[in-house]
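Below is one structure, written out as structure tokens, with a few remarks after it.
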Amino acid sequence: MIYDAAVIGAGIMGVSVARFLSAYSGKFCVIEKNEDVCTGTSKANSAIVHAGFDAEPGSLKAKYNLLGSLMYPQLAEELDIPFRRNGSLVVMMHEEDRPKLMELYERGIANGVEDLEIIGRERLRGLEPHISENAVAALWAPTGGIVCPFLATVALAENAADNGVDFLFGTEVNALCRVKSAVIPERKDLATEHGYLWEIDTSKGAVYARSVINAAGVMSDIYHNLVSARKIRIIPRKGEYVLLDRITGGYVERTIFQLPGKLGKGVLVSPTIHGNTLVGPTAEEQYDREAVNTTFDGISDLMEKAGDTVSGIPFREVITSFAGVRAHEVGGDFIIGEPEDAPLFYDCAGIESPGLTAAPAIGKQAAADIAEKLGLKTNPSFNGTRKGFINPLEMAPEELAELIRKNPDYGKIVCRCEGVTEGEIRDAIRRKVGAKSLDGVKRRVRAGMGRCQSGFCSPRVMDILSEELGIPVSEITKKGGYSRIIADKIKCCSGEDKR
Amino acid sequence: MIYDLIVIGGGPAGLAAASAAHDAGSREILVLERDERLGGILNQCIHNGFGLHTFKEELTGPEYAQRYIDILTGKGIEYKTDTMVLDISSDKDTLIKTVTAVSGSDGLTVYSAYAVVLAMGCRERSRGALNIPGYRPAGIFSAGTAQRLVNIEGYLPGRRVVILGSGDIGLIMARRMTLEGAKVLACAELMPYSGGLKRNIVQCLDDFGIPLLLSHTVTEIRGKERVTGVVISEVGEDRKPIPGTERFYECDTLLLSVGLLPENELSKELGTEISPVTGGPVVSESFETSVPGVFAAGNVLHVHDLVDFVSEEAAAAGAHAAAFAAELKDRAGAPDTELRDRGIEITFDGGPRYTVPQFINPAHVSGPVKVRFRVGSVLKNRVVKVLFDGNCVLSKKRNVMAPGEMEELLLKEELFAGNRGLKEIRISVEEESV
């Protein structure tokens, strides 16, 4: 198989490229070292669709932030995922910081962000009663939004797969080189205009492609530097968060940012699209690209800082803490496009905040650029819509009764904290690009995402995974690799596995 | 049809409540259970030690549950398993309760009842609630989840185990996993005393040579995919880790037994007043919550140590619920809300963190009232006094009182008979005078 394009990385960036590529005729694949989509930076971030006032005017961040923000409403509808423009507030605590607030406002205007306003204390506290009494003013951006990064990534991937994109999971790219297409004699027809193909050496063998899209997140500099003399450098930057129980839903309605000040960029307090409250992130540079450990200092620090802008955050309702590593490129901007010395190697690199917002816009652009370069026509059978997971407990009673009559699995609640039924879990596993692990199920349909953090439902979800995947329970993992849940059968059951 | 009583939960509390309500005259009783069988958490508690108070013999959890299930079926009480209650509401005027439930076999069903007993039990506090720093690999289990995996599913969660917290389930699992061939390295407890019963410390840790590290906690979890080890540090009096005391334990499993939380999401949505201390509803001497005709008992009310006391408490709640249902059924119009005045709030000093019940209305007392409470720290050589309007009506000597062991006081009916105009009930824990 020779692909027209191979995307490295199945985060929101990679699957966005894949989804928009699938609108063109051709063979495409996504190569991912982990067992599922959305396992890196995409799974641990602020889940914000940024309005776009933050980035330097003229930067790629500014451009794609705005474009992405404008794309989200329609994309959410096409992909049947929740998205809400809840609005963002950047809160100023000291009068002497006003120039900074104005600078942010003006940057937003320059970036083309609509409906920005500077509002005073009264209006601010009218909008958000829990804002600190010491707040002076705020930048109000009604176009700021929130989205579920898991569902956005899963939905784009499912839609790409529905339109024929292959997903190669558990496949790590070790090396990349350009080879003369003549080395694959039977496929001379696929020689590019340069007469070259990319040979992608992976942990599961070679993959050939006419073009490569580098969407490898915190690893993106490694792949870029394999093929280009114009080096880039990613500094992994860790961000720690705490997530509060949905019982705190509505503590803030809008995303509350702190005005960047002497003490750094500050932390945000935001509702999530599912009604939790999210507080974070910290920002620590580190060497390890995969060090997603939380730290005592980090968590204490962000709880303290968040209290500056939002009073009385009910931290006793914290249900989990987590950390993500952001791909910060030393130049400070996204790196998008082909390096001059590596044609048909297309970077979508250094995708840190506002990456979740920008990814669909970058993906669309990257797909269009690649298609033009390769002369790909539009895919006449492309279907850009995808059906979301059914959420039975949000249905009208008659509808729900009918659904359960048709499929009783939708009446069996497995995760009591989030109200997730067996029907949803089976659907999450059975789909193309389906869940293969507890975390995969959790990210798709939220079983285990709630206040008990999978204590009650994990044994049952393991059983369902085992049935659906046709593997013994002993092989079920939390998140692929060596993350098996259980060590052994107990002595009395040492015969064959339960399933 | 309107049931006399719907019991939410078919664990030990729900079973005892339903049975007692039947004894008290209710006939239309429905027990709703979310699991596939009755018995609740008892089904996975295959160790013995249950029933010493209730049946005067030592039973395993499933045996204890079966006694009650047999009583239930013997009385012909209706129950539905695999049925999850989504919502409970109470009509302000008629006080009729509506219970909405969902199941695979019956779909979405709405039931009505004169009275409801909340018996949903509790859940375990998770790692997330503790903010233990480190990675988020496989191999971190709450003790109850591990217990389910071993005793019901037949799997060993791991081979080298560290336990954080000395709650009873964690202690039981230390023994259980050792018997299944795992090596339990240590049990770390943040507090300077154990959170579990003394007998469990002796039988589950001491007997197997498992060290109990008091005033220690897990300060880091290592391992990107599966747990590879944890760091345990000593904590000071402020319960903060003491730098320099870190010690690494190589292990593949971390069990958490760090507290149980009454599961009151339904109660909160129903509008019952919740005690910030117990995490359960505030109740009167009849175990009635702030919503008339809604009663609560067992671990949903406050976390117990012994199932026998859950059964006893729930039986009382069930009987009171039956009485309420009978009264409401007989009454043509709206019930007399005067009657539901919850009375005097019990106050306390010198040690208790809370009492259950929180309120007593002397006019409603029929039969003895048991007041249960827990202390906030280990107390030695104390006298527990019950003061009615400042007069001591009961005094009980206690050599040792510990947070891990629930205390109880039996207030006889006669105490209230002559005290209908009572203004203050106070529980005072005092140092024994020498």
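In summary, the protein assembly as shown shows an alpha-carbon radius of gyration equal to 1.02 times the 2.2 N^0.38 Å reference for compact globular proteins. In chain A, which helices (entire DSSP H runs) extend 24 Å or more along their own long axis, judged by Cα positions, while averaging at least -0.5 on the Kyte-Doolittle scale? Span-like helices, by this rule, are A:60-79, A:355-374.
Among A:333-340, A:395-402, the peptide with the highest mean count of other Cβ atoms within 10 Å heads the list, and the full ranking is A:333-340, A:395-402. Averaged over the residues of B:149-159, the number of partner chain Cβ atoms lying within 10 Å of the residue Cβ comes to 6. Taking amide H positions as modeled 1.01 Å from N, with prolines and chain starts lacking one, the residues under 5 Å from residue B:228 and 5 or more places away or on another chain are B:222, B:223.
Bridge orientation summary for the protein assembly as shown: considering DSSP beta bridges with both residues in this region, about 65 percent are antiparallel.
A 1.4 Å probe run over the protein chains yields, for chain A, 39 Å² of accessible area per residue, whole-number rounding.
Straight-line reach from residue B:97: taking Cα to Cα under 28 Å and skipping same-chain neighbours fewer than 8 places apart, the lysines in range are A:412, B:75, B:80, B:268, B:329, B:370. Listed by chain and number, the lysines placed with their C-alpha closer than 20 angstrom to that of residue A:27 are A:180, A:188, A:204, A:364, A:373, A:377, A:432; residues fewer than eight positions away on the same chain are left out. Using alpha carbons only, how many degrees (0 to 90, rounded to 10) separate the axis of helix B:307-330 from the longest principal axis of chain B? Tilt of helix B:307-330: around 20 degrees. Association of chains A and B removes close to 4100 square angstrom of accessible area from solvent, both sides included, for a probe radius of 1.4 Å.
Residue separation of residue A:290 and residue A:233 scaled by 0.36 nm, minus their Cα-Cα distance, works out to 18.9 nm of gained length.
For the residues of A:235-248, the average number of beta carbons from a partner chain within 10 Å of their own beta carbon is 1. Projected label points at residue B:55 and residue B:363, each 7 Å from Cα along the beta carbon direction, are separated by 4.3 nanometres.
Put simply, when A:110-117, A:483-490 are sorted by average Cβ atoms within 10 angstrom per residue, most first, you get A:483-490, A:110-117. Taking 0.36 nm per residue of sequence separation and removing the Cα-Cα distance, the residue A:98/residue A:382 pair yields an extension gain of 97.3 nm. In the range A:392-493, Rg over Rh equals 1.01, where Rg is the alpha-carbon radius of gyration and Rh the Kirkwood radius from pairwise Cα distances.
For the range B:266-287, accessible area lost to neighbouring protein chains reaches 30 Å² or more, against the chain alone with a 1.4 Å probe, at no residue. Computed from Cα positions, the angle between helix B:168-179 and the longest principal axis of chain B comes to roughly 50 degrees. In summary, the aspartates and glutamates within cross-link reach of residue A:406, defined as a Cα separation below 13 angstrom excluding same-chain residues under 8 places away, comprise A:398, B:106.
Just to confirm my numbers, what's the Cα centroid distance between the range A:49-102 and the range B:407-422 in Å? Taking the Cα centre of the range B:407-422 as reference, the centre of the range A:49-102 is 64 Å away. Packing around the peptides B:239-245, B:210-216, A:158-164, taken as the average count of other Cβ atoms within 10 Å per residue, puts them in this order, highest first: A:158-164, B:210-216, B:239-245. Counting only other chain Cβ atoms within 10 Å of each residue's Cβ, the peptide A:401-408 averages 3. Extension gain for residue A:488-residue A:121 works out to 126.1 nm (0.36 nm per residue, less the C-alpha to C-alpha distance).
The values are calculated or read from the model by the stated rules, or taken from the named source; none is laboratory data. Just so you know, these numbers come straight off a predicted model, no measurement behind them. We place every Cβ from the backbone using ideal geometry, glycine too, and count neighbours over all the protein chains shown. Remember, those area values only see protein heavy atoms, side chains included, never the ligands or the DNA or RNA. Shrake-Rupley method; radii C 1.70, N 1.55, O 1.52, S 1.80 Å.
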